[in-house]
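A.B. asks: Can you keep this structure in mind? I'll have questions shortly.
The values are calculated or read from the model by the stated rules, or taken from the named source; none is laboratory data. None of these values were measured; they are calculated from a predicted model. Backbone-built Cβ (ideal geometry, glycine too); neighbour counts: all protein chains shown. What goes into the accessible areas is simple: the full protein's heavy atoms, side chains included, and nothing from ligands, DNA or RNA. Shrake-Rupley method; radii C 1.70, N 1.55, O 1.52, S 1.80 Å.
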Amino acid sequence: MNAYHSLNSIQNAIKAGEISCLSLTQSYIKNIDSNKNLNAFIEVFTDEAIQRARQIDKKIRNGTAGKLAGMVIGIKDNICFKNHKVTASSKILEGFESLYNATVVERILAEDAIILGRLNCDEFAMGSANENTIYGPTKNPVNTKKVTGGSSGGSAAAVAANLCLAALGSDTGGSIRQPASFCGTIGIKPTYSRVSRYGLIAFASSFDQIGPITNDIEDAAIILEVIAGSDKYDSTSSLKKVEQYSGRLKNNNPKRIAVISECLQKEGLDKEINLAIINQIEKLKQKGHQVEEVTFPYLDYLVPTYYVISTAEASSNLARFDGVHYGYRSEKSDNTESTYLITRTEGFGKEVQRRIMLG
């Protein structure tokens, strides 16, 4: 397995002639092959990735490479990549190929990232364990008897197991943050509208956001700089200028940090986790940061509110998967009504059906 866990270390090694994009990509492909039991990658674009690595190596030699040159990245199976399959890990989209690139894909390719393949996820990003998928569950590389968290479990597992340098996931109600935490990686859900949703297969449009999963905080910042920004294809995207997030990391001034007191006092919070958080707070204080408890009395209303809105939007968004427009169509149907009914019954998993009905 290669020993590089940040884009900076990879780019320095390329400059020093220690590695190339080609050798790096080949090493990741080898890692994937020897860690198939994790079930993180559901498809590897082997030939295409190797060909692109050769092209990026040439651009590096010419001095024309983008800021993500040397970054080998995986994408969650609900992000569209032109002329590649995208299924949201659902039977209803079995065999479907995207006709266009998601905006985030366009932007990382423009900066010379190498897309290695598609990553496993909960069906239509609905789940907390990466078990609701037609491809079978993803295993946690930290402990294969544990779940990866969901729905971007494949993305987090791939980064944690060094199958790629970084990954893109999507977060609706914790689907980047939870698996990143479970697998010991860094995951960011950007503020809603910061990153374009164009080309992301929708779960709940008012919540969905694409974000990075990495091993290094600077890598997360650099990816966010690349994928963030307004987009004419997404009217909900913010017009605010994109900040230089990676540059702000160099500011070592003491920070003010808020801790929601209701979270620490929550009855269901595991004692081990509670202790770990308290220990981390003490470390922050010792480094000169100011940590203050704040109160948020509406915490108990968050999840019920989320489920009312998200399931209603899911029910609406998933109406388009009907056996007529594209994707899977049941062979058992013999008229319009049975086409809709049987196709959706066979095509959607139980969790997705539950959320559609609840919506």
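A.B. asks: Which condition number does PHE124 fail, the rest of (1) open to solvent by 20 Å² or more (accessible area, probe 1.4 Å); (2) part of a helix (DSSP H, G or I); (3) touching an Asp or Glu at 6+ places or on another chain (Cβ under 9 Å) being met?
C.D. replies: Answer for PHE124: the failing condition is (1).
A.B. asks: Could you please let me know if VAL242 is open to solvent by less than 30 Å² (accessible area, probe 1.4 Å) and out of contact with any Ser or Thr (no Cβ under 8 Å at 6 or more places or on another chain)? Explain how you work it out, then say what you get.
C.D. replies: Values: open to solvent by less than 30 Å² (accessible area, probe 1.4 Å): no; out of contact with any Ser or Thr (no Cβ under 8 Å at 6 or more places or on another chain): yes.
No; evaluated as a whole, the condition is false for this residue.
A.B. asks: Keeping to region 157-188, report how many residues are open to solvent by 10 Å² or more (accessible area, probe 1.4 Å) and part of a helix (DSSP H, G or I).
C.D. replies: The number of residues fulfilling the criteria is 5.
A.B. asks: If you check ILE32, ILE14, which single one turns out to be on the phi < 0 side of the Ramachandran plot and touching a strand residue (DSSP E or B) at 6+ places or on another chain (Cβ under 6 Å)? It would help to see each step written out before you state the result.
C.D. replies: Numbers: ILE14 fails: touching a strand residue (DSSP E or B) at 6+ places or on another chain (Cβ under 6 Å).
Sole residue among the options that is on the phi < 0 side of the Ramachandran plot and touching a strand residue (DSSP E or B) at 6+ places or on another chain (Cβ under 6 Å): ILE32.
A.B. asks: Hey, can you tell me all the residues within region 196-220 that are open to solvent by 10 Å² or more (accessible area, probe 1.4 Å) and of a type in the set (Gly, Ala, Ser)? Lay out the reasoning, then the answer.
C.D. replies: Our first condition is that a residue be open to solvent by 10 Å² or more (accessible area, probe 1.4 Å); within region 196-220, this holds for 197-198, 200-202, 205-207, 215-218.
Selection gives ALA202, SER205, SER206.
A.B. asks: Within region 1-19, take every residue that is in a loop (DSSP other than H, G, I, E, B) and either open to solvent by 40 Å² or more (accessible area, probe 1.4 Å) or of a type in the set (Phe, Trp, Tyr) (or both) and give me the one that is nearest to GLU218 (Cα to Cα).
C.D. replies: At the first step, the residues of region 1-19 found to be in a loop (DSSP other than H, G, I, E, B) are 1-6, 16-19.
Next cut, either open to solvent by 40 Å² or more (accessible area, probe 1.4 Å) or of a type in the set (Phe, Trp, Tyr) (or both) only: 1, 3-5, 16-18.
Details: MET1: 22, ALA3: 17, TYR4: 14, HIS5: 11, ALA16: 21, GLY17: 23, GLU18: 22 Å.
Result: HIS5.
A.B. asks: Can you spot a residue in region 87-102 that is within 22 Å of ILE227 (Cα to Cα) and without any contact (Cβ under 8 Å) to a residue 24 or more places away in the chain?
C.D. replies: Scanning region 87-102 turns up at least one residue that is within 22 Å of ILE227 (Cα to Cα) and without any contact (Cβ under 8 Å) to a residue 24 or more places away in the chain.
A.B. asks: A follow-up question, please. Among the residues in region 271-278, are any touching a strand residue (DSSP E or B) at 6+ places or on another chain (Cβ under 9 Å) and either of a type in the set (A, V, I, L, M) or at pLDDT below 95 (or both)?
C.D. replies: Applying the first criterion (touching a strand residue (DSSP E or B) at 6+ places or on another chain (Cβ under 9 Å)) to region 271-278 yields 277.
From what's left, either of a type in the set (A, V, I, L, M) or at pLDDT below 95 (or both): 277.
Checked against the condition, which is being touching a strand residue (DSSP E or B) at 6+ places or on another chain (Cβ under 9 Å) and either of a type in the set (A, V, I, L, M) or at pLDDT below 95 (or both), region 271-278 yields at least one hit.
A.B. asks: Go over the candidates SER230, SER261 one by one and state the one that is modelled with pLDDT under 95, out of contact with any His (no Cβ under 9 Å at 6 or more places or on another chain) and open to solvent by less than 90 Å² (accessible area, probe 1.4 Å).
C.D. replies: On the way: SER230 fails: modelled with pLDDT under 95.
It is SER261.
A.B. asks: Then there's this: List, please: which pairs have Cβ atoms under 9 Å, are six or more places apart or on different chains, and start with a residue in region 318-346 that is surrounded by fewer than 16 Cβ atoms within 10 Å (Cβ to Cβ) and end with one that is basic (Lys, Arg) and assigned to a helix (DSSP H, G or I)?
C.D. replies: Going by the 9 Å Cβ cut-off, the qualifying pairs are TYR326/ARG320.
A.B. asks: Sticking with this one: Within region 20-55, track down each residue that is surrounded by 15 or more Cβ atoms within 10 Å (Cβ to Cβ), more than 23 Å from ASP122 (Cα to Cα) and either touching a Cys at 6+ places or on another chain (Cβ under 8 Å) or of a type in the set (D, E, K, R) (or both).
C.D. replies: TYR28, GLU48, ARG52, ALA53
A.B. asks: Let me ask you something else. Residue check, THR87 against (1) farther than 30 Å from GLY327 by Cα; (2) of a type in the set (Val, Ile, Thr); (3) assigned to a loop (DSSP other than H, G, I, E, B), all met but one. Which one?
C.D. replies: (1) is the only condition that THR87 fails.
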